[in-house]
Amino acid sequence: MIGSILVVINKRLVRAAFWLAMTLVTIGAIYLLFLSEFVFLIQILVYAGAVPVLFVFGIMLTRRKIMDEAAEPEGGT
Amino acid sequence: MPEFWINMGPQHPMTHGLWNMKVKVDGETIVDAKPEIGYLHRGYEKIMEVREFQKNVVLTDRLCYVSSITWSHAYCLAVEKMMGIETPERGQWIRVISLELQRIASHLMWLASYGPDLGLLTGLLWALRERELFLDLIQLMSGARMNQNFPRVGGVRNDLPENFEAMCRRSIEHFLEKYENEYQAIFQESKVFRMRTEGVGKITVEEAINWGITGPNLRACGVDVDLRRLDPYETYGEIDFEPQVWHDGGAGDSYARFVCRFNELRESCQIVLQALKKMPKTGPYRVKPPRRAEGEGYAKTEDSRGEALFYVIGDGDDRPYRVKIRSPVFCTMAATPTLLRGNKLADVVSILGSVDVCVGEMDK
Amino acid sequence: MALESYVPVVIFAVVALLFPLGTFFATRLFRPDHPTPLKDLTYECGEVPEGEAQIQFHFQYYMFALIFVIFDVAAIFLLLWAFAWGGLLTSASPVAKFSIFLFLGIMFVATQYALKKEEVIQI
Amino acid sequence: MSAPLVPDLFGLCKVLTAAIIWIVQQIIYALAGPIPPLAGLGDFLGTDFVITLVTWLIVVTVVVLWVTVINLFTIMWVERKLYSRLQDRYGIMISVWSLPFWPFNRTRRPTHRGTGYLQNLADGIKLIQKENITPRNADSAMFHISPVLIASSTLMAFAVLPWSSGFYVANLDLGILFILAAFSLAPLGILIAGWSANNKYTLVGGLRAAAMLLSYSIPAVLAVIALVFFTGSLNPIVIVGQQDRPIVLAGTTLPIPAWYVFGPQFLGFLVFTVAMIAEMERVPFDIPEAEAELVEGWTTEYSGMRFGIVFAFKWLRMLAASGLISILYLGGWSGPVFATVFVGSIPIPIFPEEFWFVLRVYGLSAFFVVLSWSVPRVRIDQILNIGWKRLIPYSLLAILIAAGFRVLG
């Protein structure tokens, strides 16, 4: 899916997390196609609703421009 | 470190007027605070040097628009002391009544703004509704609703209107009924309100005295300081009233400050009723002051926010040589970092709302 | 089967997605668009913003989010258990019926411990 | 015990669709004389697939319009009027009848005679004309996309929320869970919206919103689990059907309907209601947009219609939450017996089921409005403590009570 590609190629981590959520929703839709609606709803409730929020919290706890400044030595936090 | 400064003000719902509070937060906890004032500085002490004594009353009205009479009264008292004149007795009683009505109006304005600070818009509208009653009374008395220009050097501008006493009694009766039933329910007895205010913004007595905090904010720390009692001016000595001091535990937090001011509303109503009973029914209310004066006058009064102090020097001319104003809010603002440190970001409003900021008098 | 009943949901999802999008695009026809440097400044109470907001941010409620995910998964287990309750009643094994309470108890104690600890560490 | 006004929304819309398609077909057949390939198109339009698809489209549109246009405007009006009365004032009064031109008002100046129902529409029109400002330092794409996520995920809750036993879009076996799942998508949108604006107020507001909404969706799910012990199903229509009878206690029939709120589920009802107040971000728990300290919370930087959408969707969340509460605990759309008159064997609803349901929804909403305008705001750490230390133990207790009742029979 397009979303999953965007997760990987995005440099800004929050955007990546957003697209991750969208990917998880679409994965849920695939579960639905497999006729397992309970798993679909659980997927949305837990994986699309909760996990990306946790990711974003985690991203905010870490440094922002890790990608850009990867070469630079660790400054004072 | 992940700490950053948040600007609160000048265009912020928390600031009741133009001033800026820089708050340094670590997550949600306040690490440091920096009040920045001066957005409303008008150079009062300088302007007053170029106007005649009597004309300065108009200026002192504008010091704080929610408690004009108390400020012009403090100025008049200082000038009278300098000139060595005495207000007639009826004039003094009228002053007491006007001061207390103004104090009620001012405290209601504070209560009104404290409501939406905590997310309670209903409090704003209810308190403003009752403030109308007292503004009407002041309007009857002085002819204006804001910036009344009522006290004069040597007395007050005019006598009380007819039927003033009956109207006053009726309004106060109405207000006290609302006070007992509605205000207490929405503020003091509300559990959520107490959750937000209790234990928030604590300041010890020593710190409060060292920072120069006065008035209800100091009384909330448990110090029995009320200039109306300690150093009675006008006819406060003849009135039997109780300064509202917080005696229980948890002194110095937002809730104690709230309760002190809140009880002062009721106490001021009793003062007005007493004054109406005790005042002479007829008599002069004003003496003519001299145009020129020499000497020093110094008056401190209990403003609705603390101790207001005026120091006037005359050099024999018809205008003051030097005027010094001590604003209670100015001193309280200096203490805000102490008040705020260690509290949560959401407590900024709970603390700064409870100390009752008036930017006009703070910036002078 | 369930799939047919999801057809209207899918259509609804499309419409629900188009509704805000359509509103936003429709406003383009009506609204002015004159950005100026001052207008595009981040709002910070009329002051010039101090520093960036998208920074490393110490947010002490991260722990809550962590516990939330655990609880969310646990809630799903509980949901399945509640669905299967009737079946469990008829089957004779009491272990299957009540072992979930053990799980619940352990999780509850652990959560309360974590919350207590967090008060000490973070807030 | 009462009958719905719309017994079958799909069937009703199918008639409409058939009529529309028949008209289109006639036009196409008329055109097919000069252009022969169009006849095939006309035949294609008559197939079952097209009719079903168009019918679903119409059903969805009807429900979306019913929810957004009618109910959203009404609930906003109710709130504004109600809290104005609470504050001793009239509230919005300017209506069509006070427009200062001919057919309405001869005085050529606005009067204040109306009820102000269209005020929200006027506000919406105003917002449409407002410029849409994107902060320079903002993450533009995320800034624009997150309101869409918030809005559409909230709207999705109405896909399975039935308004009566016949007035719904989809009848899912796991409908309640679907609504909760739709609610659970909003925290991410709010978080991203707050982060992307690059503003400190929005950032703090977004983080608070996410933490709060996450915390309070747990007690909601747990309360629903406690309910599942009694219902054995998550289908809203089945749940309401179970409540549409009087309570039978020890052989005697009591004159109380068997709503789940009366009985062992009362604790669950309280927990669920509090959690839903938090989910709809109303005042005791409206800390994400605490306007006193964080200017407007995570919506600070939104302007124009974007602000209108994210603001209006608070009311949609309130509608959905009220509907959910009334379905789960307050008997949904079941009305009293006198609501239906039987002519022969045909039930004729005096007050249809939709009426009873809307009555419950609006009653609950009015309760939330009065509550939110009479208490101050709770601080965020207090909110989280309430959520984790009170609501979750209580909801676990509700589960235990429910399980205990089932064990005892």
For the range D:357-393, what are the residues that are within 15 Å of residue D:83 (Cβ to Cβ), assigned to a helix (DSSP H, G or I) and either more than 11 Å from chain B (Cβ to nearest Cβ) or of a type in the set (A, V, I, L, M) (or both)? D:362, D:365, D:366, D:367, D:368, D:369, D:370, D:371
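Conditions tested, residue by residue: (1) within 23 Å of the chain's Cα centre (by Cα); (2) crowded, with 21+ Cβ neighbours inside 10 Å; (3) hydrophobic (A, V, I, L, M, F, W, C).
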| site | (1), (2), (3) |
| --- | --- |
| D:234 | yes, yes, yes |
| D:237 | yes, no, yes |
| D:240 | yes, yes, yes |
| D:244 | yes, no, no |
| D:249 | no, no, yes |
| D:252 | no, no, no |
| D:261 | yes, no, yes |
| D:276 | yes, yes, yes |
| D:285 | yes, yes, yes |
Which one of D:297, D:331 is touching a residue at least 24 places away in the same chain (Cβ under 8 Å), touching a helix residue (DSSP H, G or I) at 6+ places or on another chain (Cβ under 7 Å) and farther than 30 Å from residue D:136 by Cα? D:331
Would you pick out the residues in the range D:303-329 that are away from chain C (no Cβ under 11 Å) and not hydrophobic (A, V, I, L, M, F, W, C)? D:314, D:317, D:322, D:323, D:326, D:329
Return the only residue of D:215, D:184 being more than 7 Å from chain A (Cβ to nearest Cβ) and either in contact (Cβ under 8 Å) with a residue 12 or more places away in the chain or closer than 26 Å to residue D:235 by Cβ (or both). D:215
Check on residue B:79, closer than 20 Å to residue B:236 by Cα, more than 20 Å from the chain's Cα centre (by Cα) and not acidic (Asp, Glu): yes
Criterion first (surrounded by 14 or more Cβ atoms within 10 Å (Cβ to Cβ) and at pLDDT 60 or above) does residue A:46 satisfy it? yes
Tell me, which helices (runs of 4 or more DSSP H) wholly within the range B:216-302 include 3 or more residues that are surrounded by 22 or more Cβ atoms within 10 Å (Cβ to Cβ)? B:216-219, B:254-278
When residue B:234 is evaluated against the numbered criteria (1) at pLDDT 85 or above; (2) within 20 Å of the chain's Cα centre (by Cα), which criterion, by number, is the only one it fails? (1)
Unique residue being within 11 Å of chain A (Cβ to nearest Cβ), more than 20 Å from the chain's Cα centre (by Cα) and at negative phi when the list is D:177, D:172, D:191: D:191
Taking residue D:242 as meeting all but one of (1) part of a helix (DSSP H, G or I); (2) within 13 Å of another protein chain (Cβ to nearest Cβ); (3) more than 29 Å from residue D:80 (Cα to Cα); (4) not aliphatic (A, V, I, L, M), write down the number of the exception. (2)
When restricted to D:220, D:258, D:209, the only residue more than 10 Å from chain C (Cβ to nearest Cβ) and within 30 Å of residue D:195 (Cβ to Cβ) is D:209
Lone unmet requirement of (1) in a helix (DSSP H, G or I); (2) away from chain D (no Cβ under 14 Å); (3) crowded, with 17+ Cβ neighbours inside 10 Å for residue B:170: (3)
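The values are calculated or read from the model by the stated rules, or taken from the named source; none is laboratory data. What you see is a predicted model, and the numbers here were worked out from it, not measured in a lab. Because the Cβ atoms are built from the backbone with ideal geometry, glycine has one as well, and the counts that use them run over all protein chains shown.
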